[in-house]
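Okay, structure first, notes after.
The values are calculated or read from the model by the stated rules, or taken from the named source; none is laboratory data. Note that this is a predicted model, so its numbers are computed, not measured. FYI the Cβ positions are ideal-geometry reconstructions off the backbone, even for glycines, and counts take in every protein chain you see. Only protein heavy atoms, including side chains, enter the accessible area calculation; ligands, DNA and RNA are left aside. Shrake-Rupley method; radii C 1.70, N 1.55, O 1.52, S 1.80 Å.
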Amino acid sequence: MAFLAILLLGLILSNQIQAQGPTATLSGQVRDESGAAIPGAVITVTAAADGAVSRTTAGAEGRFEIRGLAPGRYAVVGEQPGLLPAVIPEVVLAAGGSRSVILELKVPGISEVVAVGARLAVPDAAPSIIDVDPLVVKSVAGGGENIYRVLQALPGVAAVNDFDSRLSVRGGGPDQNLTMMDGVEIHNPYRLFGLTSAFNPETVANFELITGGFNAQYGDRLSSILIVDNRPGSTATAAGGTAAMSMTDGNIVAEGRLPGNGNSWLVTGRRTYYDLIAERIVDADLPSFTDLQARADVQIRPGHRLTLSALSSRENTDARFDDVSENDGDGTEFVDILSSTQNDLGALTYSAAIGARAFSKTTVSWYRNREQTDFAGEVRTGARRSNRPESDAVALTQLVLARQLSIRDAALRQQFGLNAGTAHVVEAGFETHNLDTTWQWRTSGELDGPNGSSGQGGSSLPSALDSSRSNLRAGAWLTDRWTISPRVRFEPGLRLDWSGVSGETIASPRLAAIFDVTGRTRARVAGGMFTQSPGYEKLLQSDYFVDLSEDGGLPVRSERAWQVLAAVERRLDPGVTMRVEGYYKDFDRLVLGRLETPGEVAARVATYDFPEELAFGIPTAPQVTTMPANIGTGRAYGVEFYAEKRATSAGTRLSGWASYTLGRAETTAYGGTFAADYDRRHALSLVSSLRVNRLIEVGTTFRAQSGFPHTPGLAVRPASIEDQAAAAAGITRLVPQYDDRGLLVWSADFGDTSNFNTARLPFFARLDARVTFRPRWSSDRWQFYFEVINLLNRDNASELEVDLVYDPSSDRPQLTEVRSGRLPLLPTFGLRYRF
């Protein structure tokens, strides 16, 4: 239905297009990072077909126009002495049509940035920059037009699991990553439970993933910063846009110019479409989302620009699934899921050029994320059973979770820049976050897990939680981009962070340097201290939960990490780059759930009412609680190899990259040292795109990786169940569980903290393939693709689940593990239409 609707819309609009002439026009504006126009810049346009070159010079307001160009594909470059060039590798000009582009020239920087989807790519930037055109972000095989899945194929970046969009960067947890969109911190950047992202690649100008050693203007995270810059609306026409449909959703982008010089508007909407069809077949509201995003850019006067942006998103699920397994026997399995997520954002940004050497950028924003989840079910998981062969020996496990959380962030971010002569560019700024956060949940039923503070389960999770915090978080920074000579640049910086949760102020010194060894070889070093304050807004992305209530054992201090890295990059043929980079991170004051005290252990053990012959099944070792403490240290180190062949023009046939990461990450806590949750020793990624001809493009993505650490089950022990009569009297009393035939039910025993992460998940390998077709009759407007995820249908495992099986030679079942959490062989298709 969605396909037919978009097709009909395209045909209607295409019939309204008037007859077109034989040539095309390219226009646009050249400006700096503040939005100020750059007059006198040289614009070079190169035709892909025959290499014909056209040049012009930007006028007084940075504007340019080149008429009489032949229809086809072009590469566009903007240059100005003292600034980094801006490159658009591919612009398609239709016969009789016109396109408008923005060329943003930037001051040379030396922070470690991995730019993905950079519309204005910087060919001579710092060693750790990897540029991928937005067309690549939308077309990487297996990426699902999701920036987070594209990032998973870059060096040092790993997916948390096969389904999730959350990332682990250089061994760090997903809560250690910050996402900023147009200067605003985005606390929930995912949709559909993490299957896709909050960002529409049709409207993004560039992505930058800073994987470590980032400069002082970014803070309060230990691992990475993902910067998302949305583009302004096109000023080529009063109204235009695109329509597209991908694996998860369909979207429409409408944009155009506003009255005045350089003013524009943009509105985009996204919505899942599969639920509209499936819900006619099944009586349930399947997971779905709707996004609406709007932006307006207004030039107040030359060099002064006001940007207003807004985003609203809604996700809903209301479904019941009966008989979810093939097991027969007493009792019916069911799962009820009711969930609702709301994201709302409003922001205003004012960019101003102050004289000829200074600029200012002010962003005021209001962001709110609200989530509600009600989950209830009775299922046979295989983790509990009696030792008999019948299928109903697998006990029904009752799971009930009701959770509500909200994050409201009213923020201000102020940036200043001063070009203090030919050698120094000084930047300073500050940010404040007024946070209101609330966590509430109620749980009941059996929750077995290896770590009591894990959000994935554990007997030490509190059955009832009602926690709220209102606190202020602030930061300030100062950096100096110091050009000592044309070949040597330094960037010293200092950041100050203050946390209302910990009540402390921390100073973080940082330093980076670039050395141009030759015209093609560059070396870079960077290092400093990085901090992360405790907060519920970060626990939203974490695998673990700690109670940050006012009476929850606080205060806790901010986590810290000293980092150092070094890289050497060699540029070979045009568009070909090779790089090797090493890093080392030393963590301390990590916030973890503390162990139970002897008194707490005694109180918990006292709730068990087991006969003496079953007393061995009572877990008497101290368990991890949700009470936070700065008790963890750790380190992560590794080396990354990266080679890229970039599309430098529309005529480039083969492009892509290859990366290999050798890394290690470990945590010291609870009296021992064990592999960190995202310690991945080996990771290989190969991404390619081959343009067979003007009409067909074939892309592949291959990833091969060693498995993450895993906490295995060690043995089986008698399962416990709450005595309902005692519960009715307000007393907690745990008794052995028996099945309906009077046989003892068993569950897995994961041991104590010494068993954490002592095993590994299986080796992971996945091949994705995609074929894109641009029809001959309208290659610049229509695009169709067919994609297959996990083409080889490999049985990967995001986790190993405990499965107890009947053992005829014993009085108790045998403990085994089964693979779960993999993406199956999944074919999909999509289309895109530009009007």
Probe 1.4 Å, all chains present, heavy atoms only: T438 accessible area in Å², nearest 10, is 40
Expressed as a rounded percentage, what relative contact order does the chain have, with Cα pairs under 8 Å and six or more residues apart? 10
Nearest-0.05 FRET efficiency for E799 and L690 at R0 = 22 Å, using Cβ-Cβ distance, is 0.05
Output the direction-averaged projected area (hull surface divided by four) of the convex hull of the alpha-carbon atoms of the stretch 505-599, in nm². 9.6
Can you list the aspartates and glutamates whose alpha carbon sits under 12 Å from that of K585, skipping same-chain ones fewer than 8 residues off? E666
Which ³J(HN,Hα) values in Hz, rounded to whole numbers, follow from the phi angles of the stretch 305-317 under the Karplus curve 6.51 cos²θ - 1.76 cosθ + 1.60, where θ = phi - 60° and Gly and Pro get x? 10, 10, 10, 10, 9, 8, 9, 9, 9, 9, 10, 8, 9
With the cut-off at 53 Å, report for the chain the share of all Cα pairs above it, as a whole percent. 16
With θ set to phi - 60° and the Karplus curve 6.51 cos²θ - 1.76 cosθ + 1.60, what are the ³J(HN,Hα) couplings of the stretch 352-364 in order, to the nearest whole Hz, using x for Gly and Pro? 9, 7, 10, x, 8, 10, 10, 8, 9, 9, 10, 10, 10
For L744 and Y584 in one chain, what is 0.36 nm times their gap in residues minus the Cα-Cα distance, to one decimal in nm? 52.5 nm
Subtract the Cα-Cα distance of A410 and F829 from 0.36 nm times their separation in residues, and report this length gain in nm to one decimal. 146.9 nm
With a 1.4 angstrom probe the carbon and sulfur portion of accessible area for the chain, in percent, totals 58
Cα pair distances in the stretch 698-807, grouped into 10 Å bins until the bin that holds the longest one, percent each: 11, 21, 20, 17, 13, 10, 6, 1
Whole percent per 10 Å bin, from 0 to the bin with the longest distance: what is P(r) over all C-alpha pairs of the stretch 173-259? 14, 39, 30, 16, 2
Each label point is 7 Å from the Cα along the Cα-to-Cβ direction; what then is the distance between the points at A464 and T758, in nm? 3.7
Enumerate the residues in the stretch 754-788 having an amide nitrogen under 13 Å from the point lying 7 Å beyond the Cα of A95 toward its Cβ. 777-780
Simple SL model, points at 7 angstrom along Cα→Cβ for V517 and F786; separation in nm is 4.7
Full-extension gain between T44 and N316, please, as 0.36 nm times their residue separation minus the C-alpha to C-alpha distance. 93.0 nm
